[in-house]
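Student: Provided herewith is a single structure, encoded as structure tokens, for subsequent inquiry.
The values are calculated or read from the model by the stated rules, or taken from the named source; none is laboratory data. Source: prediction; values computed, not measured. Because the Cβ atoms are built from the backbone with ideal geometry, glycine has one as well, and the counts that use them run over all protein chains shown.
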Amino acid sequence: MPLDTDDLKTNEIFLETVVISKNEKGVIVSYTFSIHRVVDRQMVGFCQFNDVGDTRNLYLRGNIGYGIEEQYRGNHYAGKACFLLFDLARSHDMEYLYITCDPDNYASRKTCEYVGGILENIADVPTDNSLYLEEGSKQKCIYRVNF
């Protein structure tokens with residue numbers, strides 16, 4: 001059963017649920033949200049919380065993903081959304097999660113550090129992995145966030 005996500009907000013942003021995905025057993029596996037400014041309800045980006053409760057299979061891909069529209073970058077909206085997702089992760093009894101990015105994605109690296117992520121590894125992506133085949137990622141910075 002999905003947890004209440006109506007309280008994922010601050011005085012600056014709120015997350016609006018777009019999709020809650022479940023596996024064949026009905027267990028939640030991911031949440032997708034749009035990120036909105038409180039002041040004018042303008043959508044500024046999106047965020048995802050993937051593989052809820054599982055960190056083993058997400059080492060290269062990460063448990064959290066985000067994207068901010070270009071005109072709204074530089075306001076820490078991705079980081080502020082991550083903090084809200086951390087609350088959701090804790091409510092799913094998670095003690096840590098991973099956020100990953102390509103080594104040359106300096107904005108995302110800054111976000112990972114802003115939210116308290118510790119760089120655990122810069123890992124080579126296997127050539128048969130979908131991150132390599134479909135996205136062209138040859139390496140991933142692996143940040144671990146402990147709660």
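Student: Restricting the search to region 8-46, which residues are in a loop (DSSP other than H, G, I, E, B), touching a residue at least 60 places away in the same chain (Cβ under 8 Å) and under 17 Å from ALA89 (Cβ atoms)?
Tutor: Passing the criteria: LEU8, THR10.
Student: Looking at region 118-138, which of its residues are closer than 25 Å to LEU85 by Cα and not small (Gly, Ala, Ser)?
Tutor: ILE118, LEU119, GLU120, ASN121, ILE122, LEU131, GLU135, listed by residue number.
Student: Would you tally the residues in region 63-97 being farther than 24 Å from ASN11 by Cβ, touching a residue at least 40 places away in the same chain (Cβ under 8 Å) and in contact with a strand residue (DSSP E or B) (Cβ under 6 Å, 6 or more places away or on another chain)?
Tutor: Of the residues in that region, 2 qualify.
Student: Whether any residue in region 52-59 is at pLDDT below 95, among the aliphatic types (A, V, I, L, M), under 26 Å from SER130 (Cβ atoms) and surrounded by 15 or more Cβ atoms within 10 Å (Cβ to Cβ) is what I want to check.
Tutor: Looking for residues that are at pLDDT below 95, among the aliphatic types (A, V, I, L, M), under 26 Å from SER130 (Cβ atoms) and surrounded by 15 or more Cβ atoms within 10 Å (Cβ to Cβ), one finds at least one in region 52-59, hence yes.
Student: Now for a separate question. Any residue in region 38-49 that is buried (at least 17 other Cβ atoms within 10 Å of the Cβ) and modelled with pLDDT under 95?
Tutor: Checking region 38-49: at least one residue is buried (at least 17 other Cβ atoms within 10 Å of the Cβ) and modelled with pLDDT under 95.
Student: Okay, moving on. Return the only residue of GLY79, GLY62, GLY67, GLY116 being more than 11 Å from the chain's Cα centre (by Cα) and either within 27 Å of THR5 (Cα to Cα) or assigned to a strand (DSSP E or B) (or both).
Tutor: Answer to the selection: GLY116.
Each row is one residue, and each column tells you yes or no for (1) among the hydrophobic types (A, V, I, L, M, F, W, C); (2) buried (at least 18 other Cβ atoms within 10 Å of the Cβ).
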position: LEU84; (1), (2): yes, yes
position: TYR98; (1), (2): no, yes
position: GLY117; (1), (2): no, yes
position: GLU120; (1), (2): no, no
position: ASN129; (1), (2): no, no
